[in-house]
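Shown next, in structure tokens, is the structure this report addresses.
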Amino acid sequence: MSLFQAREWWCTHAGNDEEFDTGCLCVANIDNEPGGTNKIITGSYQGVLRMYLPKQKEYKIEDLILEKNMEAPILQITAGRFVQGSRELCLGLLHPKKFSVYMVSAVSSGGSVNYYSLAQAYEHQLVRPAFNMCHGPFGGIRDRDYVCIQSLDGVLSFFEQDSFAFSRAISPNFLLPGPICYMAKFDLFLVCSNSMCLEAYRYQVLAAAADNVDQAPGQEAASGKKVQVDWSTNLGEHAQHIEVNRFSRSLPATQQEILVVGEHTVFTVKESGGIRLQKRLAEYKISAALCYKLPPETAEAPPFCNLLLSTHQGHLMVFKEMQLVWCARLTSMVPTSMFVETICGIRGMVICMDNVGKVQINYMGTDPPTASLVNTEMKELNYDEMEEEHQELLRIIRQTHGEGAQEAEEVLTIEAQVPPVLDISQEDDTDADDPVGRVDGVVMQITVNLFITLEGTKPVENVTLALKAPSCFALSVTSVHLDKVEPGDMQQVVPVTFRVWNTVLCSSLDVIVCASYFSANNEPRTVVSDFRLPFALVAKLIQPMKSAAFKIQLDCNRQPPPLQELFGGLLAQPHVSESFGKQMTTLLSVQYVSGTEATVAVTKSQCKLCVQASEFASLWVLTQELCLRLAEYFEMVDAQGGAPQEPFQITYQDSLPLHDYFQLMDDHFALRKHLEELRADLADRTQQYRVIQKRLLVRFKDRNPSPLNHLDSLLTLTFEQTLQLTDAIDDVDRALRTVSCHLQAATELVLLLIRFRFELDEDNFRILRLHLPPELYDSVEQGWEEQADASLIHLLRTSLARNAKDRSALPPPMKVPQDTLKLKKRITSVVDRLANGGRLVGGESGGGGEADDPQGGGEED
């Protein structure tokens, strides 16, 4: 809040229930009085023109010297030399469909002014609805002003006093008009385009350009020069006010600059178009802006200007260059227009008007305080009590900071009860051809019970549960709404049934549950819980298979148990016979619901584990399940006591299967490109279909229609091609989802092997997994390849950077790549630098020298 307040000198209301905006206020000696007395002119959107002449401090009815209904909304008021053969100021009024020029004169008798008259000099009817205007000596003329009117569709119309000159459209992709300003020194028109660029157009170039305004439907533009922009500067935000002045004190006497007030920033732009200075005003919302001239320092030097800004918070701020030198608060108004002029011989008066027509004349001053603070209590101060109170407050502050913010008493918990075996007795509500997993003709499904418990004293309402599961699972519900959850031992149970699709490879068994609600204090709360589905839901035991196309071998430091003990959950399923598990001591094969097989073999003498599968991505789920069960088994063994042994550890000694991983990556990217091409073809066919439809409609409506010339056949052929393209897009989209699941599983497998190969701890593995994300979310604008590429570039230039040059390089913009060569190169560079001892957190932070990337191309654009 400002310490100072703008003092009101004169105030009135221009009408009732009328609306005003920027440009509806003008202060000028509009009647050309020899004494130069300024008049205040207002115009409303209701079309009422008023003129005031303040003569004293308070408003009196005699101050209103003219009031007239112009019978059209007044968009902007200006004063200039608009009448041919006269150097006197005239009043210019911009209406939506016309521009009018009036002569204002004082009618007197007996040496005193009786009233003021308004005589129309001329008017121009506008073809397009107007938005704003500017005036000046266009083309270097002298002693007169021309007018440029900007329409709502971005067309500039030029009027040379009482005659129309020409119209030009400056942009073919125009959306909304903005402020316009004329720079007389270079004969330039300054506008702000839709792309947030300040653009300058020369008057001579606009006049010499060909007519590009389509004034009649179907009329072609005349041949000739095109409208060329003189210079353009990117501001990064829309302009609210443009003005040409001398704002910077270091500016030479022969130069000017352009002041642009944006939505949150003030810019000063050079004559050539470059940005000189800018100041961010993000904490203020600007309502009006004005540059006012200061008294010249010498008679020869041109005057400088200060910037006056008004905000929606009711402040008036004065800036000298980019420094705030004064700030005052306005009383009960937010200005939309401002002027700084001489009123009643007093210089520097600030005239403001808001959107409801309140007009104020203020001055920047302060009043002395009306009273001083006096201690009315004469009793003696008790310093001991003051010290005790001070210590008590300090104790409360320390206690509050030590304990931190108090959490809400109501705490919601989610516990998932996952049964170890599949559902046995169930009603088959599916069709025989539904793509769900079956074993012995029975649908494979499992029902998980979610137990919702509330701890506290008050109930919570409107609890929403959301479940996120891999795409291979079909859930009975994905979102559950609970009207009310009561505290206590009573638990609410939410059953969720999981089935698995047989068309998609399973990439994970983890499910996340999120509960969102509002506490009793109306504070938003979220609770997240996760659980893992049983491996038997996505795979079933088959006879052992010893040959496969893809294989990985893991080493462990302790003797693994028999496979019957590790995978007892598979043997406990109701569809598995008891005799099946007797031959599973060292070899176990499973078949996924999607149809692929995988096998795990144990070599007890060498503590080696071999996982093989018919597809590379099928290795992941079985490998993850094997590692988790081994970790749980040895953790349970260590908890039972006995001779102390070294912690269980799994390592991977072979080379990483990056070639197979890159092959899946190429397949995924090729499907993305193919889908993009099909969508482009579909857009072309639908556009062609609409064009043919329009031509047929025109011929059908004609009284004497011309022959169709096989347009109907072409319409039918285009329709058939459109249907074929939509079917092809559906097929490619399904294939892309399938390959995405394979790529997700392969990414998880490669990350796990990298962890085992280079013995990464939990923190390093977590950061690596964040930079090479296994989750795939492909969209039209962005896919997995560019996301992973940008993340790996960041990793190679921060934690795994080789030198200071790599750390200082700027990252390239994210865009859809042409191929996957650079992404493969970055993945290889990350692996090489991890192999040379580089770590993401802790230990070595670099890439281990130059030997890991001899070409130096691991992280370039």
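Observations on the model:
- Backbone N under 17 Å from the Phe518 label point (7 Å along Cα→Cβ), restricted to the stretch 431-472: 458-465
- Estimated FRET transfer efficiency (Ala207, Ser791; beta-carbon r; R0 60 Å; 0.05): 0.65
- Working from label points 7 Å from Cα in the Cα-to-Cβ sense, the Ala804 to Val576 distance is 6.1 nm.
- Placing +1 on the Cβ of every Lys and Arg and -1 on the Cβ of every Asp and Glu, with no other charges, gives the chain a dipole of roughly 3280 debye about its Cα centre.
- For the chain, the residue among Pro470, Pro657, Asn557 whose Cα projects farthest onto the positive side of the dipole built from Cβ charges is Pro657.
- Additional length obtainable on full extension of the chain from Tyr284 to Leu587, 0.36 nm per residue less Cα span: 101.9 nm
- Per-residue packing, averaged as other Cβ atoms within 10 Å, sorts the ranges 5-12, 388-395 into the order 5-12, 388-395, beginning with the highest.
- Contour excess over end-to-end distance, with Cα ends at Thr464 and Arg142 and 0.36 nm allotted per residue: 108.5 nm
- Two-site label geometry, Ser713 and Asp731: point separation in nm, points 7 Å out along Cα→Cβ: 2.7 nm
- Centre-to-centre, using Cα atoms only, the stretch 584-600 and the stretch 724-762 are separated by 20 Å.
- Partners of Lys320 within straight-line reach, counting aspartates and glutamates whose Cα lies under 16 Å from its Cα and excluding those fewer than 8 residues away in the same chain: Glu243, Glu257, Glu297.
- A value for Cα Rg over 2.2 N^0.38 Å was derived from the coordinates, and within the list [x] 1.16; [y] 1.05; [z] 1.38 it appears as [z].
- Length added when fully stretched, Arg695-Ala549, from 0.36 nm per residue minus Cα-Cα: 46.7 nm
- Helix-only [θ]222 nm of the chain, DSSP H runs n ≥ 4, -39500 (n - 2.57) each, per residue, nearest 500: -7500 deg cm²/dmol
- Links that overshoot a 26 Å alpha carbon limit, given the list Lys582/Lys608; Lys551/Lys815; Lys60/Lys358; Lys546/Lys608; Lys39/Lys270: Lys551/Lys815; Lys39/Lys270
- Gap separating the Cα centres of the stretch 614-650 and the stretch 450-523, nearest whole Å: 30 Å
- Here Thr828 and Ser171 are evaluated by their C-beta separation; at R0 = 51 Å the FRET efficiency comes out at 0.60.
- Overall, the stretch 712-827 carries a charge dipole of about 1040 debye about its Cα centre when +1 sits on the Cβ of Lys and Arg and -1 on the Cβ of Asp and Glu, all other atoms neutral.
- Gap separating the Cα centres of the stretch 667-712 and the stretch 47-77, nearest whole Å: 60 Å
- A crude spin-label estimate for the pair Leu118 and Thr526, with each label 7 Å from Cα along the Cβ direction, gives 6.0 nm.
- Relative contact order %, the chain, counting alpha carbon pairs below 8 Å whose residues are six or more apart: 6 percent
Laboratory data are not the source of any read-out in this text; all were calculated from the coordinates shown. None of these values were measured; they are calculated from a predicted model. Here the Cβ is made from the backbone with ideal geometry for all residues, glycine too, and neighbour counts use every protein chain on show.
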